[in-house]
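The values are calculated or read from the model by the stated rules, or taken from the named source; none is laboratory data. Source: prediction; values computed, not measured. Reconstructed Cβ throughout: ideal geometry from the backbone, glycine too, with neighbour counts over all protein chains shown. Keep in mind that these areas ignore ligands, DNA and RNA; they rest on the heavy atoms of the full protein, side chains included. Shrake-Rupley method; radii C 1.70, N 1.55, O 1.52, S 1.80 Å.
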Amino acid sequence: AGVRGCGGVWRRAWQHGAGGPGPSSCGQRAVTSNGRGGAVPVGKSGLAPWVAVVGLEIHAQISSNSKLFSGSQVQFAAPPNSLVSFFDASLPGTLPVLNRRCVEAAVMTGLALNCSINKKSLFDRKHYFYADLPAGYQITQQRVPIAVNGNLSYSLCTDNKMSQMVTKTVRIKQIQLEQDSGKSLHDDTRSQTLVDLNRAGVGLMEVVMEPDMCCGEEAAAAVRELQLILQTLGSSQAVMAEGQLRVDANVSVHHPGEPYGVRTEVKNINSIRFLAKAVDYEIQRQIEELENGGTILNETRAFDSKLGCTVPMRDKEGKQDYRFMPEPNLPPLILYDAKSLPANTNHQQVVNIDWIHERLPDLPSVKRAKLVEQYGILPEHSFTLLNEDGLTEFFENVVKQTQMKPKKVIGWILNILLSHLKQHSLTVKESPVTSVLMADLLNLVEKKEISSTAAKQVLAELWKGEGKTPLEIVKEKKLELIQDQKELEEICQAVIDGQENEVIMMVLG
């Protein structure tokens, strides 16, 4: 096993005793080069560096009107148990019917992640007994999933200013279709647990990444890129706050040249920021445990965002615990391409891989490249535009309606507008300053009718949402730049005349 380096967060956490994010601060430790510009943590002896290994399992809820094997509607925050079919509740005699939309979404995602699509995939039963899983098993794809052997390229910054970006790649082991479980609601007041089965049977894509990452920053960057891809494809809304994208992180540490260490799984992380913190904390916890003579247990842990640490949940189940078996009520899933598609086929009854491939939209990496080429902006600016939902469209609308060059427009949007949005905890779509108002304001700056300083004052007034235009605010506040040289001379002369003593002191100076 080679030594892997990481980006800025990892280096900052170990160099000069600098603290990492939150509780994963690494304290006073030395660093050693990994030969590729990165740094790895060094043990207390100063001789044995540690290498962290991170792999991810990501569950993405498929954007579909109905569930994976039933006709029940999918809707966030619906009244408890209002969207449950007989099959979802596992009533005897009910059978699964596969949702075509979910299959197409999985194929589309697999193609976008450079996977090989299996023309024949199989469904399996994965057994475990929770109150919110009525059947006592989950239908998944353990043996032959729908897509395998892909990769995801993602970028992360190597310094605080995002002026240098490095691109890395994580291998995708497989993408599989599976059901979601229900939700247990714990009522501490009454000492009882209630079960909501609205989510039971909702279609999921599980994206399994190989252990190719080494820290929280890399894991967070990879998940953010995957999230953008899913949203671009429309295969998942991937809103983590609504549970539509959940991450399990597998973490271990070892010395270079030695086998991988015992891994722990940090389960159900629902925030990219928490993912980075959880992984970095777990790496540090394992290193300290091993250096103090302890052992790492193969267990499942949870991340407590309030305490900023991981806590034990249960021992990690092995494959034998799940007692996998072929799903007897579902035949193999057969997909086709243009060559294998039988003649006189009803296109409503089959999924054509080539047809889906031809309709793939531009992925985030392509969009970023086009933004850089078309508008001459910096690559790091293109990342910010895509990372903020709706910001790319806002930027392009402003560019279309203003005479200011895109390179200057991007500065106003990223440095001024985005700052206001974050200060008020608003999304781009909630901004009280529309792209039209922003363009009008920048036109006044470009025509030299107002200064940049005055423009910031106008923007602050626009933020109040009183319905005034930038020009109206400029006139009301008398913020216009004076163009008449004679008028300027008169103003200057009046100032001098009113400050005779100061003028004399300056002349005698």
Practice task
Considering (1) touching a residue at least 40 places away in the same chain (Cβ under 8 Å); (2) open to solvent by 60 Å² or more (accessible area, probe 1.4 Å), say which one LYS306 fails and leave the rest.
Solution key: (1)
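Test ARG190 against the stated conditions and say whether it is of a type in the set (Lys, Arg) and touching a strand residue (DSSP E or B) at 6+ places or on another chain (Cβ under 6 Å).
Values: of a type in the set (Lys, Arg): yes; touching a strand residue (DSSP E or B) at 6+ places or on another chain (Cβ under 6 Å): no.
Criteria not met by ARG190.
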Problem - Residue in segment 268-278 that is exposed (fewer than 14 other Cβ atoms within 10 Å of the Cβ) and either at pLDDT 95 or above or among the charged types (D, E, K, R) (or both) present - result: no
Exercise for the section: Pick out the one residue from GLU288, GLU265, GLU282, GLU258 that is part of a strand (DSSP E or B) and in the same structural domain as GLY182 (by the TED database). Expected result: GLU265
Practice task
Working only within segment 393-435, note down all residues that are of a type in the set (Ser, Thr, Tyr) and open to solvent by 80 Å² or more (accessible area, probe 1.4 Å).
Solution key: SER425
Fill in the blank from the handout: Checking GLU502, GLU480, GLU487 in turn, the sole residue that is acidic (Asp, Glu), over 29 Å from the mean Cα position of the chain (by Cα), modelled with pLDDT under 95 and surrounded by 14 or more Cβ atoms within 10 Å (Cβ to Cβ) turns out to be GLU480
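Return yes or no: is LYS448 farther than 14 Å from GLY390 by Cβ, charged (D, E, K, R), part of a helix (DSSP H, G or I) and without any contact (Cβ under 8 Å) to a residue 60 or more places away in the chain?
On the way: farther than 14 Å from GLY390 by Cβ: yes; charged (D, E, K, R): yes; part of a helix (DSSP H, G or I): no; without any contact (Cβ under 8 Å) to a residue 60 or more places away in the chain: yes.
No, not satisfied.
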Fill in the blank from the handout: Going through (1) modelled with pLDDT of 95 or more; (2) not aromatic (Phe, Trp, Tyr); (3) not in a loop (DSSP other than H, G, I, E, B) one by one, SER155 fails only at (1)
Exercise for the section: Check segment 59-76 and report whether any residue there is outside any loop (DSSP other than H, G, I, E, B), over 26 Å from ILE353 (Cβ atoms) and in contact with a Leu (Cβ under 9 Å, 6 or more places away or on another chain). Expected result: yes
Handout entry: Within segment 199-226, tally of residues that are part of a loop (DSSP other than H, G, I, E, B) and either small (Gly, Ala, Ser) or in contact with a Ser or Thr (Cβ under 6 Å, 6 or more places away or on another chain) (or both)
Key = 2
Problem - Yes/no for ILE175 being aliphatic (A, V, I, L, M), modelled with pLDDT of 95 or more, touching a Pro at 6+ places or on another chain (Cβ under 7 Å) and in a strand (DSSP E or B) - result: yes
Handout entry: Residue count for segment 97-133, restricted to those that are at pLDDT below 95 and either open to solvent by 60 Å² or more (accessible area, probe 1.4 Å) or hydrophobic (A, V, I, L, M, F, W, C) (or both)
Key = 4
Handout entry: Residues that are open to solvent by 80 Å² or more (accessible area, probe 1.4 Å) and assigned to a loop (DSSP other than H, G, I, E, B), drawn from segment 451-477
Key = LYS464, GLU466
Exercise for the section: Taking only segment 74-100 into account, find how many residues are within 29 Å of the chain's Cα centre (by Cα) and under 20 Å from LEU185 (Cβ atoms). Expected result: 8
Exercise for the section: Could you check, for segment 171-178, whether at least one of its residues is under 19 Å from the mean Cα position of the chain (by Cα) and either under 30 Å from ASN415 (Cβ atoms) or open to solvent by less than 10 Å² (accessible area, probe 1.4 Å) (or both)? Expected result: yes
Problem - Residues of segment 230-255 classified as open to solvent by 10 Å² or more (accessible area, probe 1.4 Å) and in a helix (DSSP H, G or I), total - result: 6
Exercise for the section: Return yes when LYS478 is out of contact with any Leu (no Cβ under 9 Å at 6 or more places or on another chain) and either in contact (Cβ under 8 Å) with a residue 12 or more places away in the chain or closer than 29 Å to PHE383 by Cα (or both) and no when it is not. Expected result: no
Exercise for the section: Restricting attention to segment 307-338, report how many residues are part of a loop (DSSP other than H, G, I, E, B), farther than 18 Å from SER121 by Cβ and not hydrophobic (A, V, I, L, M, F, W, C). Expected result: 5
Problem - Qualifying residue in segment 280-302 (condition: basic (Lys, Arg), surrounded by 13 or more Cβ atoms within 10 Å (Cβ to Cβ) and closer than 30 Å to VAL107 by Cα) - result: no
